[in-house]
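Here is the structure we will look at, set down as structure tokens.
The values are calculated or read from the model by the stated rules, or taken from the named source; none is laboratory data. The structure presented is a predicted model; accordingly, all values stated were derived computationally and were not measured. Positions of Cβ are generated from backbone atoms using ideal geometry, with glycine treated the same way; all protein chains shown enter the neighbour counts. We work out accessible area using only protein heavy atoms, side chains counted, and drop any ligands, DNA or RNA first. Shrake-Rupley method; radii C 1.70, N 1.55, O 1.52, S 1.80 Å.
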Amino acid sequence: MKTFLGLCAVSSLLLFSCNNGAATKDSLIEDNIVNAVNQYTIQTNLIEQSGRVLNPRTIREDGSIVYIPIDDWTSGFFPGSMWLLHELTNDSKWQPLAEKYTEDLDSVKYLKWHHDIGFMIGCSYLNGYRLADKKEYKEVIIEAAHSFSSRFRPNAGVTQSWDADKGWQAERGWKCPVIIDNMMNLELLFEGTRLSGDSTFYQIAVKHADTTMKYAFRTDNSCYHVVDYDPETGEVRKKQTAQGYADESAWARGQAWALYGYTLCYRYTGDVKYLEQARKIYQFIFTHPNLPADLIPYWDYNAPNIPNEPRDVSAATCTASALYEMHTYLPKEGYKDTADKILKNLSTPAYRAKVGENGNFILMHSVGSIPHGAEIDVPLNYADYYFLEGLIRKRDLETK
Ligand code: GLY
């Protein structure tokens with residue numbers, strides 16, 4: 001099996017025959033598996049040859065790869081992508097790599113100074129627990145849920161996203177800032193309850209989702225990026241942005257996090273109000289006049305110079321992956337068709353890099369934060385992660 005996939009890594013002639021995972025007739029999936037295997041084989045070989053444990057996030061202007069420390073919010077995506085490659089290919093080469101780069105994050109389970117422990121532990125340990133029956137990962141996931149719960153502010157009914165006593169967050173005058181991205185971290189809390197039987201995590205997740213639903217959305221169903229609460233009284237102090245164009249604009253990735261986040265809340269609770277919220281967010285995104293015909297959004301739906309603004313592929317991949325899940329709950333709404341279009345368009349040379357280019361990431365053209373002047377029109381490890389997850393979800397829908 002290993003030799004066969006090794007061959008695939010050097011030959012695109014074997015496009016339709018090297019997936020050892022579930023059988024699928026869709027050549028788009030097969031083509032993307034070959035491409036992703038080739039890119040991540042180069043990426044992991046490069047790191048393994050360095051003799052260090054490195055975690056790639058993006059590239060600099062000169063094309064060099066940015067490696068991140070384990071407390072960076074994106075540290076779970078690279079190990080996570082290896083787990084997803086393991087799931088996509090069933091090639092035994094990915095599991096030891098996925099384990100090694102996951103287990104490098106062990107101490108993250110104690111991280112309490114920001115909320116993104118959900119992304120970090122979810123993409124790494126939770127995938128390992130799910131895909132490889134790594135029983136010892138359970139303790140890490142539960143400990144991480146405890147750490148995340150330390151950020152719950154009961155009077156406001158939210159988990160606090162960022163500390164507000166230092167850095168640029170302090171300059172904004174926030175007391176308890178909660179960003180829409182935090183909806184993604186709730187998966188860790190739901191899993192914490194599922195794995196431990198302690199319902200506290202579940203209750204915190206539900207409270208956070210309900211408070212966010214109440215205060216973070218506008219009447220047009222778009223969401224704010226940041227809502228700042230008074231942690232003592234629960235009063236909403238400010239509704240603003242950090243990474244979007246303006247406080248009242250719709251930051252593209254924020255809408256994607258919200259869509260995915262409420263879909264996962266429905267997965268764990270069965271409460272239809274969350275699915276309805278996801279449906280409304282879908283309506284906002286896919287009826288927006290500034291959404292390009294290829295469905296890959298500009299970085300903000302209200303960016304001032306559309307169509308001369310960067311796209312954000314990471315928003316598109318997160319959205320597509322969420323839509324495949326929504327399709328399983330509401331199969332007649334066309335969500336899968338929309339997701340299929342997104343993945344198809346991302347698989348063209350306009351967005352998908354040539355093997356060996358783009359810092360060995362799969363997709364080009366994402367945006368980190370334009371207001372911070374950071375990561376503009378670059379590959380991002382989370383764009384790749386949700387692309388791979390979307391491919392798996394598409395394959396599962398088409399083969400099961
Ligand atoms: N969670 C940070 C971001 O979406 O950029």
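Observations on the structure shown:
- Of all residues in region 103-117 being open to solvent by 10 Å² or more (accessible area, probe 1.4 Å) and closer than 15 Å to Asp181 by Cα, the one that is nearest to the ligand (Cβ to nearest atom): Asp116
- Counting the residues of region 116-148 that are in a loop (DSSP other than H, G, I, E, B) and under 28 Å from Asp91 (Cβ atoms) gives 4.
- Scanning region 54-112 for residues that are modelled with pLDDT of 95 or more, out of contact with any Phe, Trp or Tyr (no Cβ under 8 Å at 6 or more places or on another chain) and of a type in the set (Gly, Ala, Ser) yields Gly63, Ser64, Ser75, Ser107.
- Subset of region 280-331 [out of contact with any strand residue (DSSP E or B) (no Cβ under 6 Å at 6 or more places or on another chain) and among the acidic types (Asp, Glu)]: Asp294, Glu325
- Within region 119-148, residues that are within 16 Å of the ligand (Cβ to nearest atom) have Cβ atoms under 6 Å from residues that are open to solvent by 20 Å² or more (accessible area, probe 1.4 Å) and charged (D, E, K, R) in these pairs: Gly122/Glu187, counting only partners at least 6 apart in sequence or on another chain.
- When each of Thr338, Thr317 is tested for being more than 19 Å from Cys265 (Cβ to Cβ), outside any loop (DSSP other than H, G, I, E, B) and touching a Gly at 6+ places or on another chain (Cβ under 8 Å), the lone residue that passes is Thr317.
- Of all residues making up region 271-287, the number that are over 22 Å from the mean Cα position of the chain (by Cα) and not hydroxyl-bearing (Ser, Thr, Tyr): 3
- Flag if Glu232 is of a type in the set (Asp, Glu), over 24 Å from Ile141 (Cβ atoms) and either open to solvent by 40 Å² or more (accessible area, probe 1.4 Å) or within 16 Å of the ligand (Cβ to nearest atom) (or both): yes
- The residue that is nearest to the ligand (Cβ to nearest atom), counting only those in region 149-200 that are within 13 Å of Tyr229 (Cα to Cα) and β-branched (Val, Ile, Thr), is Ile179.
- Residues that are in contact with a Cys (Cβ under 9 Å, 6 or more places away or on another chain) and crowded, with 23+ Cβ neighbours inside 10 Å within region 275-302 comprise Gln277, Ala278, Ile281, listed in sequence order.
- Every residue from region 314-351 that is among the β-branched types (Val, Ile, Thr), within 16 Å of the ligand (Cβ to nearest atom) and touching an Asp or Glu at 6+ places or on another chain (Cβ under 9 Å): Thr317
- Filtering region 71-92 to residues that are more than 16 Å from the ligand (Cβ to nearest atom) and open to solvent by 50 Å² or more (accessible area, probe 1.4 Å) leaves Asn90, Ser92.
- Residue ID - surrounded by the most Cβ atoms within 10 Å (Cβ to Cβ), chosen from residues in region 236-255 that are assigned to a loop (DSSP other than H, G, I, E, B) and free of Cβ contacts under 8 Å to residues at least 60 places away in the same chain: Ala250
- Inside region 253-299, residues that are farther than 18 Å from Asn185 by Cα and either of a type in the set (A, V, I, L, M, F, W, C) or within 16 Å of the ligand (Cβ to nearest atom) (or both) make up a count of 12.
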